[in-house]
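Below is one structure, written out as structure tokens; the observations come after it.
Throughout, read-outs are computed from the coordinates displayed, never taken from laboratory work. Model, not experiment: these values are computed from the prediction. Cβ atoms come from the backbone with ideal geometry, glycine included; neighbour counts cover every protein chain shown.
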Amino acid sequence: MKRKKGNSVQDFLGNPEKVKKFKDSIQGIEFNALVRPGSHSSAYKKEYLERVAGRMFPYPFLDHDFHIKCIGEHVQSAVRGDVLLHPVLAYASLFDLRSSYAPPVKKKIKASGRKTRKKGAKVARPQASPKDKLRKKRFLAIQQIMNRLHVPAYVKRARTDFEIKESSVRAFEEMYLAYAGLRQKLQTLENEVITYQSPDYIHGPHKARIHELESQNSDLGLRLVKEQNRADLLESEIQRLTDHILTQPAEGEMESLKREYNVLSQKCDALVSRNIELSNRMKDLGRSKQLETILDGIRDRINGVIRSGIHEKPEAIIKSISDEIGQLQRARLYLGRALYDIGILFHRKGDRDKAKEELRAARELGVRDADVENILKS
């Protein structure tokens, strides 16, 4: 499509529909093609091109003000984030465009001789031509567009082509270093994610808690072994006392021994029952049946002594089995202390019900302790 000669550009700018259609056609155009349309004519639709000075040029941009306005709208869209635009590259492109509208440099004319000026006479200043005023207006318009771009301060201080290129290179180097830092940080984060995804990974605080629990478990294991050793010693002591009772002759006071025997027999039965329960909980104290058999033998022995001494004097029967009764009393004390230790162990583990059960049994066997009373009252 060829445009008509004359005021066709003004006719185009006076038609809002045509202007809108043209702006829509250049909406996705590259920024360099927008700033230098003569060097990138292939980026424009053919209907807007015409030959100017031997090359194809989009004729709407023959109006420089309209050209600058389109550039400003594109930059504004980039600032809002609607269009992708690198601010440093855009600033460098606009720097070249602004230079084409730079006001002419005033040359100083050296006087060949001194001219005297009358006192009070006004110096006539040269007036700028309309063309220079228009160039300055467009220069400032492009400067305002450049000010919207977010670039480093040293880029804005550039005054020559060499300085703008040098500052642009510096800006790209800094951006590359920042990019490399971000890449390194991203790699570090990716490595951390891989570490966190490992099934064997344990977070720091949780790992410390697990070590603490393992240490407590080891401590409880040592205490359990200690209690098992105490139980073994108690069983050995009961075995020794049983053997001692079985080898003693039968003498002593009858009635007193009967009452004491009945009490001790009941306590012994209770202790045997609790020893079986303790054996089930500790899993490796499995000799309570043997202890029960030995204690049954002791009871049979004492009952035999009592039955055989019915026609004897009570003093002789009591004297005969007094040592056995004394050994059983000591065994009772050992059992009470063992139950006390087990109750304290359950209390430390947090099982209050079992702790109270064992401590009550220990108290019944004669173990008196302030800790026992405090735990039972709680």
- Of the trypsin sites (Lys or Arg not before Pro) in the stretch 139-188, which ones lie in a loop per DSSP and count no more than 15 other C-beta atoms within 10 Å? Arg148, Arg157, Arg159
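Determine, for each peptide in 80-90, 208-218, the mean count of other beta carbons within 10 angstrom over its residues, then list the peptides with the highest first. Write down the numbers at each step before the final one.
Values: 80-90: 14.6, 208-218: 10.5.
My ranking of the peptides, most packed first, is 80-90, 208-218.
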- Note on the structure: Most exposed to least, judged by fewest other Cβ atoms within 10 Å, Glu364, Glu357 sort to Glu364, Glu357
- Query: Ranking Val193, Val372, Val79 by Cβ neighbours within 10 Å, fewest first, what do you get?
  - Reply: Val193, Val79, Val372
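So how do Met146, Met56 line up by other beta-carbon neighbours within 10 Å, fewest first? Each step should come with its number before you reach the end.
Working: Met146 20, Met56 16.
Result, fewest neighbours first: Met56, Met146.
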